[in-house]
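Asker: The structure under discussion is supplied below as structure tokens; questions concerning it will follow.
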């Protein structure tokens, strides 16, 4: 006679099936977790790439702004230098006939002296006599010269045959007891 089937193998099969199902469920959950982690990693990589691109764009914009600021500063410096750069200023005098005669008699030059060189006659600038400057220059009996001066307001006089004189055709100002011509260089 045969022994009745034991319930133990059936229970073992049931346990194995349950364990297999649990393992499959764990595997599915793990696969889902891996897929979720992979998606999160891809999203994080996308965020990091976007952040790097934005940082690079911000760095480039900052570099452009710095270059623009440097160029603006250089332009301002050049403009400031141009504003104070000496300008060529023409001076001319039509002296009275008696002064011309005195200068000719003393064989003296007509000299321009001004406050830009401390009224120092030894540093004065000799004017070219009438006719010595090509056309467009000292015509009409005018003694002429040019002096490079930075922008500002200047006073000056001419020394003709030892006499200090002003040009009555140009603006004058009183400086203490002295009347001087004025020139504004812009």
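The values are calculated or read from the model by the stated rules, or taken from the named source; none is laboratory data. Everything quoted here is computed from the prediction, not taken from an experiment. Cβ placement follows ideal geometry from the backbone for every residue including glycine, while neighbour counts extend to all protein chains displayed.
Asker: Where the second residue is modelled with pLDDT under 70 and the first is surrounded by 12 or more Cβ atoms within 10 Å (Cβ to Cβ) and lies in region 81-101, which pairs have Cβ atoms under 8 Å and are six or more apart or on separate chains?
Answerer: 92/138; 94/140; 95/103
Asker: If you don't mind, another one. Inspect region 84-91 for any residue being within 30 Å of residue 113 (Cβ to Cβ), in a loop (DSSP other than H, G, I, E, B) and under 17 Å from the mean Cα position of the chain (by Cα) and give the result as yes or no.
Answerer: Checked against the condition, which is being within 30 Å of residue 113 (Cβ to Cβ), in a loop (DSSP other than H, G, I, E, B) and under 17 Å from the mean Cα position of the chain (by Cα), region 84-91 yields at least one hit.
Asker: Filter region 102-136 down to residues that are surrounded by 16 or more Cβ atoms within 10 Å (Cβ to Cβ) and farther than 23 Å from residue 179 by Cα and give me whichever is modelled with the lowest pLDDT.
Answerer: Here the answer is 133.
Asker: Another question about this same structure. Which condition breaks for residue 52 when tested against (1) under 30 Å from residue 128 (Cβ atoms); (2) surrounded by 10 or more Cβ atoms within 10 Å (Cβ to Cβ)?
Answerer: So the condition that residue 52 fails would be (1).
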